[in-house]
Amino acid sequence: MNANSEPPSPAETSWRILPQGDRCLIVSFGDQIDAGVGRTCLAAAGKLRDARLPGVTDVVPSFVAVAVHYRPGASGGPTYTQLAERIGQLLSEGIAADALGGREIDIPVCYGGEHGPDLAEVAEAAGLTPEGVIALHSQPRSMVFMLGFAPGHAYLGVHDEKLNIPRRASPRTAVPSGAVAVANRQTVIYPNRLPGGWNIIGATPLTMFDPARDPAALLQPGDSVRFVPIGPEEFDRIRGTQA
């Protein structure tokens, strides 16, 4: 399913509410990564934020679920049962996923070479040439499902089945900032130097996370991204303007 797939209608939407420790509950909308489910999670998270439920401290969407963090009990916050009941009531009113609209953003990527050391291996595993991988990765738009693992660390997809490549058997202890990596029909963009086991096919010269910027993360859940191939000289030029 591509990033433009329609979410299910409110009548078709179902969910489960489960406890996650003593200060968080999970609203689960499915068990498979899918653009429609992802958009439903984003819309549900937006609705729960807008409700400003007493005691709720954060609402965090992911691929298939929404985490609702809260302060229970003595401070006047709700119990798990009270909060679960209220969330169920709100979601039963309908989730306007079709009204959700993220930004369209172009992300320049220098593929292969020193910036994409795993491109040849990914191409071989996919049964494609490196140029074919680049075309497959850059031609359609990809949806930002969530931010996780580190501040500004975006997870995007869902890509063509040919890019259903597993993570590396041996993770790297340090992946450079801006690395664009694929695995399991998804892309991640490393916002800073981090350990990681995804297959690095390129890098963007853009600064993905800057605490002095508002918002600090360049990409936000719900955004639609087009990866734009660039050469090494253009990479260096853009990176120079970001410094």
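Evaluated against (1) open to solvent by 10 Å² or more (accessible area, probe 1.4 Å); (2) closer than 20 Å to Pro211 by Cα; (3) part of a strand (DSSP E or B), Val188 falls short on exactly one condition, (1).
Would you check if Phe227 is within 20 Å of Phe145 (Cα to Cα), open to solvent by 50 Å² or more (accessible area, probe 1.4 Å), of a type in the set (A, V, I, L, M, F, W, C) and touching a residue at least 24 places away in the same chain (Cβ under 8 Å)? Answer is no for this residue. The residues listed here are Pro19, Pro72, Pro108; of these, the one that is in contact with a helix residue (DSSP H, G or I) (Cβ under 8 Å, 6 or more places away or on another chain), modelled with pLDDT of 90 or more and within 16 Å of Asp223 (Cα to Cα) is Pro108. The single condition among (1) in a loop (DSSP other than H, G, I, E, B); (2) surrounded by 14 or more Cβ atoms within 10 Å (Cβ to Cβ) that Ile201 does not satisfy is (1).
Whether a residue is surrounded by fewer than 19 Cβ atoms within 10 Å (Cβ to Cβ) and at pLDDT 90 or above was assessed, and Thr81 passes this test.
Under 20 Å from Ile105 (Cβ atoms) and assigned by the TED database to the domain that holds Pro232: which single residue out of Gly157, Gly132, Gly116, Gly127 fits that description?
Gly157
Among residues of the stretch 143-160 being assigned to a strand (DSSP E or B) and either hydrophobic (A, V, I, L, M, F, W, C) or at pLDDT 95 or above (or both), the one that is nearest to Tyr190 (Cα to Cα) is Ala154. Number of residues in the stretch 156-182 that are farther than 22 Å from Gly222 by Cβ and surrounded by fewer than 20 Cβ atoms within 10 Å (Cβ to Cβ) equals 14. Scanning the stretch 230-243 for residues that are in a loop (DSSP other than H, G, I, E, B) and either without any contact (Cβ under 8 Å) to a residue 24 or more places away in the chain or among the β-branched types (Val, Ile, Thr) (or both) yields Ile230, Ala243.
The values are calculated or read from the model by the stated rules, or taken from the named source; none is laboratory data. None of these values were measured; they are calculated from a predicted model. Cβ atoms come from the backbone with ideal geometry, glycine included; neighbour counts cover every protein chain shown. The protein model used for the area step is the full one, side chains on, heavy atoms only, and it has no ligands, DNA or RNA in it. Shrake-Rupley method; radii C 1.70, N 1.55, O 1.52, S 1.80 Å.
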